[in-house]
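Peer 1: Have a look at this one.
The values are calculated or read from the model by the stated rules, or taken from the named source; none is laboratory data. The shown structure was predicted, so the numbers you read here are calculated from the model rather than taken from an experiment. Glycine also receives a Cβ, built like all others from the backbone with ideal geometry; neighbour counts cover every protein chain displayed.
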Amino acid sequence: MRRSALFVLLTLALTASVSAHYIWLERADNAAHLYFGEVQENEREKSPGKLDKMEGVRFFVQEKNGKTREIPLVKTANFFKAPLKGERNLYATNEVLPVQDLTRFGIGIVKPFYYARWGTAGTEQASVPAQTLHFQPAAKSKNTFQLFFEKKPLAKAKVHLYAPNTWIKEYRTDDSGKIQIDTPWNGQYVLEVVHVEKTAGTFQGKAYEARRHRATYTFVHE
């Protein structure tokens, strides 16, 4: 195989891998860790490398009084990190990523957006300000979540649940944007969803055909 053809194949593989990636949050002692990769594949990107593509990500916490506060993230070799003081509701977003040409993969030319939250799967309903695309624990119903897009329930969306042992299950939100999930093992679970908004525009001088939103919600089942 010619070197130029091999380079093209490697470039396409890299682009496909990045387009399949997402961000998610984990807690470790008194810190939040934000990863970029695919938890179900145990793939966490590093710096220098693909982790650097997440420059511009912002991180927020909800304090006990209900107010939100932004905390600067520090990039390490394996993740972005921020200190915590017992806050329970955490969320992150990256809305400044450049336009991607993913037409070779049937996705088109898109402006990507990433969102991540960390919370509980219990019956309490967190009052974290809504992200553009986000999961919300349903009130008075354990293991039930509602998916919102632009503050409205998102129906018929395909949602993946990644269990601590890499078990995967797919769900579809109902007409009210809700799913009821299974948590057969103790440990960390991640919900993940992609929603494509057929809205064209430009960003940083580059035109795109649609906005591609990808969101996760991390919680621990005990």
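Peer 1: Looking at region 59-70 only, could you name the residues that are surrounded by fewer than 19 Cβ atoms within 10 Å (Cβ to Cβ) and touching a residue at least 24 places away in the same chain (Cβ under 8 Å)?
Peer 2: 63, 66, 68 - these are the residues of region 59-70 that are surrounded by fewer than 19 Cβ atoms within 10 Å (Cβ to Cβ) and touching a residue at least 24 places away in the same chain (Cβ under 8 Å).
Peer 1: Just to be sure I understand, how many residues within region 130-142 are part of a loop (DSSP other than H, G, I, E, B) and either at pLDDT 90 or above or in contact with a Pro (Cβ under 7 Å, 6 or more places away or on another chain) (or both)?
Peer 2: The initial filter retains those residues of region 130-142 that are part of a loop (DSSP other than H, G, I, E, B), namely 130-132, 138-142.
After this cut, where a residue has to be either at pLDDT 90 or above or in contact with a Pro (Cβ under 7 Å, 6 or more places away or on another chain) (or both) as well, the list is 131-132.
Counting residues in region 130-142 that are part of a loop (DSSP other than H, G, I, E, B) and either at pLDDT 90 or above or in contact with a Pro (Cβ under 7 Å, 6 or more places away or on another chain) (or both) gives 2.
Peer 1: With (1) at pLDDT below 95; (2) more than 23 Å from residue 198 (Cβ to Cβ); (3) in contact with a Phe, Trp or Tyr (Cβ under 8 Å, 6 or more places away or on another chain) as the list, and residue 125 as the residue in question, which single condition is left unmet?
Peer 2: Of the numbered conditions (1) at pLDDT below 95; (2) more than 23 Å from residue 198 (Cβ to Cβ); (3) in contact with a Phe, Trp or Tyr (Cβ under 8 Å, 6 or more places away or on another chain), the odd one out for residue 125 is (3).
Peer 1: Six or more apart or on different chains, Cβ under 8 Å: which pairs go from a residue in region 102-119 that's on the phi > 0 side of the Ramachandran plot and surrounded by fewer than 22 Cβ atoms within 10 Å (Cβ to Cβ) to one that's of a type outside the set (S, T, N, Q) and not in a strand (DSSP E or B)? Could you list them?
Peer 2: Final answer for the pair search is 108/209.
Peer 1: Could you list, in sequence order, all residues of region 187-217 that are surrounded by 14 or more Cβ atoms within 10 Å (Cβ to Cβ) and touching a Gly at 6+ places or on another chain (Cβ under 8 Å)?
Peer 2: Those that are surrounded by 14 or more Cβ atoms within 10 Å (Cβ to Cβ) and touching a Gly at 6+ places or on another chain (Cβ under 8 Å): 208, 209, 210, 211, 217.
Peer 1: On to the next question. Taking residue 56 and the conditions (1) farther than 21 Å from residue 120 by Cβ; (2) not in a loop (DSSP other than H, G, I, E, B), which numbered condition does it fall short on, given that it satisfies the others?
Peer 2: (2) is the only condition that residue 56 fails.
Peer 1: Further question on the same structure: From the list 164, 153, 184, pick out the single residue that is on the phi < 0 side of the Ramachandran plot, without any contact (Cβ under 8 Å) to a residue 24 or more places away in the chain and either more than 17 Å from the chain's Cα centre (by Cα) or surrounded by 15 or more Cβ atoms within 10 Å (Cβ to Cβ) (or both).
Peer 2: Of the residues listed, the single one that is on the phi < 0 side of the Ramachandran plot, without any contact (Cβ under 8 Å) to a residue 24 or more places away in the chain and either more than 17 Å from the chain's Cα centre (by Cα) or surrounded by 15 or more Cβ atoms within 10 Å (Cβ to Cβ) (or both) is 184.
Peer 1: Which residues, counting only those in region 190-222, are part of a loop (DSSP other than H, G, I, E, B) and closer than 23 Å to residue 101 by Cβ?
Peer 2: 198, 199, 200, 204, 205, 209
Peer 1: Next question, about the same structure. Counting only residues that are in a strand (DSSP E or B), touching a helix residue (DSSP H, G or I) at 6+ places or on another chain (Cβ under 6 Å) and hydroxyl-bearing (Ser, Thr, Tyr), how many does region 154-189 have?
Peer 2: Going through region 154-189, the residues in a strand (DSSP E or B) turn out to be 158-162, 168-172, 178-180, 187-189.
Still in the list and also touching a helix residue (DSSP H, G or I) at 6+ places or on another chain (Cβ under 6 Å): 162, 168.
Restricting the remaining residues to those that are hydroxyl-bearing (Ser, Thr, Tyr) gives 162.
Here the count works out to 1.
Peer 1: Follow-up question, since we're still on this one. Residues being aliphatic (A, V, I, L, M), over 14 Å from residue 75 (Cβ atoms) and in a strand (DSSP E or B): count how many of those fall in region 23-44.
Peer 2: 2
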